[in-house]
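Right, one structure below, let's go through it.
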Amino acid sequence: MQLVWLFLREHVSIIIFEIFLVGFILVLYWLDGFRDMNTAIYSILITLMLTSTFLAARYIIRKRYYEKILQVPNTMEDALQSTGKTAEQIQSEEYVHELYRIYQLEAQELYAAQNRHLQFMNQWVHQMKTPLAVLELMLQDPDELDKKGVQEEVERLKHGLEMVLMNARLDTFEEDMHIEKVDLKHLVMEVVNQNKRLFITNRVFPNVEIAEETLVMTDSKWMKFIIGQFITNAVKYTFEEGKKVYITTEVSANEVKLHVRDEGIGIPSTDLKRVKKAFFTGENGRKSGESTGMGLYLADEICHKLGHTLTIDSVVDAGTTVTVTFNLS
């Protein structure tokens, strides 16, 4: 009964139109002088028979389709079964299949993002245990508190917190982005000064050679984070004292390139293509034991969202150069 009711609701406009059409024709006959009731009845019966035959055929063709949409599916496969016979039904089913494909892609992206976030948080929590344990041991030491050591561990905690906050904000990047003209030298010097304790502790020294009034269109807050990651990595993987981190620019008519070059251990060629992937620590990460594999991944993602290009060149035992290219056009 539900099938019939649904069918009649769908075709009520056709039934009303047929009634109106028959009435209109009978009125025309009447106005033209035809008064034969037998002819009128015959016309009504013929119209009724043809309409009923048409509707019955339509009902038979669409019955399986109605049964499908009236039945609550138990699985997605049940809902995606192809039962359409008319062009409209077939097109509707193709549309639903395409929607499901899009849904699957979006669900996979959300699952991957959730899994990446969970993995990052697990690694981050594990990494944060080290400075906390060191601070706890320092507090238990009956001798005078080593303020320099405490400051170093606090800096490690701050760096870790900054990274996890940036990772969380990456999903809502567009809401937090503010593009403006930025003085690149002023921005770099701010980041260098923020990391001066890192340079002093590791006895690695910055060498900044950027021309005055080197202006680029970017987001200063996100770029500070990116440059901070480059400097942290440069110092972390420079094990010899007295080495330098060179921060320079290369300006042309259409672009500005910011180079951060260290004199550290370099990146093996087998790892170079993968260093921008999430959670990839590589050979150097295993040596330091403190890498989350997220720093360069976040930097690359942020550069992509800002419209910049990030490239990395490295030679083992000679150093690594990280370049961000800003388009001026």
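The values are calculated or read from the model by the stated rules, or taken from the named source; none is laboratory data. Keep in mind the model is a prediction, meaning the values are calculated, not measured. Cβ coordinates were reconstructed from backbone atoms using ideal geometry, including for glycine residues, and neighbour counts include every protein chain displayed. Keep in mind that these areas ignore ligands, DNA and RNA; they rest on the heavy atoms of the full protein, side chains included. Shrake-Rupley method; radii C 1.70, N 1.55, O 1.52, S 1.80 Å.
Side notes on the structure shown:
- Signed unit charges on C-beta, dipole axis of the stretch 115-160, positive-most listed residue Pro131, His117, Leu145: His117
- Accessible surface area normalised per residue over the stretch 175-327 is 49 Å², counting heavy atoms of protein chains with a 1.4 Å rolling probe.
- Highest average packing first - 127-138, 208-219, 225-236, Cβ atoms within 10 Å: 225-236, 208-219, 127-138
- Tensor-based shape of the stretch 150-297 (alpha-carbon gyration tensor, a/c under 1.5 rounded, otherwise prolate or oblate): rounded
- Unit charges at the beta carbon, dipole of the stretch 175-303: most positive-side option, Ser252, Tyr297, Val235: Val235
- Mean accessible surface per residue for the stretch 1-71, computed with a 1.4 Å probe while every protein chain stays in place, in Å²: 79 Å²
- Rel. contact order, % - alpha carbon contacts under 8 angstrom, at least six apart, the chain: 12 percent
- Span-like helix check, the chain: qualifying full DSSP H segments, with Cα axial length of 27 Å or more and mean Kyte-Doolittle of 1.6 or more, are 2-31.
- Probing with 1.4 Å while keeping every protein chain in the model, the per residue accessible area of the stretch 116-164 equals 71 Å².
- Simple Cβ-charge dipole of the chain, Lys/Arg +1 and Asp/Glu -1, about Cα centre, in debye nearest 20: 700 debye
- Furthest towards positive pole of dipole, Leu306, Val188, Ile267, structure part the stretch 175-327, Cβ charges: Ile267
- Carbon plus sulfur fraction of accessible area for the chain, probe 1.4 Å, in percent: 57 percent
- Cα gyration tensor, the stretch 81-186 - rounded (a/c under 1.5), prolate or oblate: oblate
- In terms of distances greater than 27 angstrom between alpha carbons, the cross-link table entries Lys185/Lys273; Lys181/Lys236; Lys147/Lys185; Lys257/Lys305; Lys196/Lys273; Lys129/Lys277 yield Lys185/Lys273; Lys181/Lys236; Lys147/Lys185; Lys196/Lys273.
- Among 52-64, 306-318, the order from most to least packed when residues are scored by Cβ within 10 Å on average: 306-318, 52-64
- Rg/Rh (Cα only; Kirkwood hydrodynamic radius) as it applies to the chain: 1.36
- For peptides 140-151, 245-256, sequence by mean Cβ density within 10 Å, most packed first: 245-256, 140-151
- Of all DSSP-defined beta bridges confined to the chain, some 85% are antiparallel rather than parallel.
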